[in-house]
Amino acid sequence: MKTTILRLASVAVFGGAVVNAAPPGNDGNVRPVQRLKVLERYPDSTDVSGAVMVAPNRLVVVGDEGGDASLMEIDWAAGTLGLIDTIPLPKYGATELDAEAIALVDREVVIAGSHGISRKSEEYQPSRYRAVRFPIGADGTMAGAASVFTFSEALKASPATAPFYREKLKANGVNIEGLAWANNRFYVGMRSPNVGDSLVILEVARDGSLCKTWKLPIGPGFGVRAIEPVEDGFLILAGGSSPDSEHALRPATVFHWDGRGTYIEPIGILAGVVGKPEALVSLGMADGCHEVLVFSDGGKKGGPKKYRLLPRLHRGGGKTGIFSGK
């Protein structure tokens with residue numbers, strides 16, 4: 001059976017095959033289900049860059065403008081998202097962590113700075129080259145002091161990222177925007193660089209050392225905006241890799257990657273988003289479909305919205321793994 005391929009705004013490459021694309025839009029495979037009303041303003045609420053589920057219906061949400069993290073609670077029946085607590089993050093004087101990605105590692109929350117040059121000042125700021133970790137309790141509240149480490153050694157060790165370390169974003173410079181924990185390793189998703197028309201994801205050990213570099217063919221100008229572990233791999237939210245290039249307006253698109261090979265399965269384009277979608281949280285299965293919660297940088301109070309991912313035909317003739325029940 002012939003596989004239906006996602007339509008994008010220009011010629012793109014998926015799994016090594018060049019695809020002639022149509023104008024951007026949603027082909028019905030990623031459907032908005034519910035918009036959540038945010039009950040009160042929370043730190044960096046208009047600059048959300050990451051979110052992770054830490055307890056049933058409870059998330060830690062972080063933004064990229066130097067504010068603290070937020071513990072939030074969802075009431076699905078009421079359709080609301082409320083602030084439970086503010087989680088203080090280490091401060092670095094006049095510079096910021098530039099928090100861009102977040103993951104749950106056992107009972108620790110890990111928040112990664114961009115590890116990239118400031119886009120505004122185009123200067124090296126050491127605070128951006130850090131990651132913060134802190135323990136949480138069963139209810140998601142902070143349960144101990146935060147500590148600091150870095151992904152810099154892995155970035156300098158990978159042949160895909162080393163040439164772009166401390167380069168400006170507009171020059172394909174290093175910029176982390178996705179973080180996941182699976183298989184006892186971090187999966188660090190790079191917004192930039194896009195190398196050879198491929199997304200770059202680094203497998204990194206708990207101690208920050210490089211384990212493996214993945215290059216996933218996707219097309220020019222795409223970068224990782226979020227990566228989320230699921231039972232049979234990862235969901236990847238991809239968008240434009242550089243705001244200063246001809247590919248800046250790449251549509252926010254969801255993919256599935258099995259974490260074992262270099263093929264990534266296009267699922268669909270996010271519809272009805274305001275701002276730049278930068279956080280994706282898995283909500284599990286409902287009615288045979290995977291559901292996710294998406295936050296946007298620039299959206300009103302993060303613009304949290306639930307989406308349902310409808311089954312697509314896999315290139316091998318079956319359904320994509322996240323819908324197969326495997």
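The values are calculated or read from the model by the stated rules, or taken from the named source; none is laboratory data. The structure displayed is predicted, hence computed values, not measured ones. Don't worry about glycine lacking a Cβ; one is built from the backbone with ideal geometry, like all the others, and counts go over all protein chains shown.
Tallying residues that are modelled with pLDDT of 95 or more and either under 27 Å from residue 193 (Cα atoms) or touching a helix residue (DSSP H, G or I) at 6+ places or on another chain (Cβ under 6 Å) (or both) within segment 75-99 yields 0.
Applying the condition of being on the phi < 0 side of the Ramachandran plot and polar (S, T, N, Q) to segment 157-186 and asking which residue is surrounded by the fewest Cβ atoms within 10 Å (Cβ to Cβ) yields 158. The residue that is surrounded by the most Cβ atoms within 10 Å (Cβ to Cβ), among those in segment 278-307 that are hydroxyl-bearing (Ser, Thr, Tyr) and in contact with a Lys or Arg (Cβ under 9 Å, 6 or more places away or on another chain), is 307. Of all positions in segment 200-210, none carries a residue that is crowded, with 24+ Cβ neighbours inside 10 Å, on the phi < 0 side of the Ramachandran plot and polar (S, T, N, Q).
Those strands (runs of 3 or more DSSP E) of segment 201-299 in which at least 1 residues are touching a Gly at 6+ places or on another chain (Cβ under 6 Å), considering only elements entirely within it, cover 210-217, 222-230, 233-240, 253-257, 276-286, 289-297. Evaluated against (1) within 27 Å of residue 251 (Cβ to Cβ); (2) at pLDDT 95 or above, residue 210 falls short on exactly one condition, (1). Filtering 148, 174 for residues that are of a type in the set (Val, Ile, Thr) and closer than 22 Å to residue 277 by Cα leaves a single hit, 174. Among the residues of segment 25-57 satisfying the criterion of being of a type in the set (Val, Ile, Thr) and touching a Gly at 6+ places or on another chain (Cβ under 8 Å), which is surrounded by the fewest Cβ atoms within 10 Å (Cβ to Cβ)? Among them, the one singled out is 46.
Of all residues in segment 159-170, none satisfies being modelled with pLDDT under 95 and more than 27 Å from residue 215 (Cα to Cα). Report yes if residue 257 is at pLDDT 95 or above and either in contact with a Cys (Cβ under 9 Å, 6 or more places away or on another chain) or farther than 24 Å from residue 28 by Cβ (or both), otherwise no. Answer is no for this residue. In segment 174-190, is there at least one residue being in contact with a strand residue (DSSP E or B) (Cβ under 7 Å, 6 or more places away or on another chain), more than 20 Å from residue 131 (Cα to Cα), touching a residue at least 24 places away in the same chain (Cβ under 8 Å) and not hydrophobic (A, V, I, L, M, F, W, C)? No, segment 174-190 has no match at all. For segment 251-291, filtering for residues that are of a type in the set (A, V, I, L, M) and more than 20 Å from residue 188 (Cα to Cα) leaves 9.
Per the conditions (1) aliphatic (A, V, I, L, M); (2) crowded, with 24+ Cβ neighbours inside 10 Å; (3) without any contact (Cβ under 8 Å) to a residue 60 or more places away in the chain, the sole criterion not satisfied by residue 102 is (3). The residues of segment 134-156 that are in a helix (DSSP H, G or I) and surrounded by 15 or more Cβ atoms within 10 Å (Cβ to Cβ), listed by number, are 152, 154, 155.
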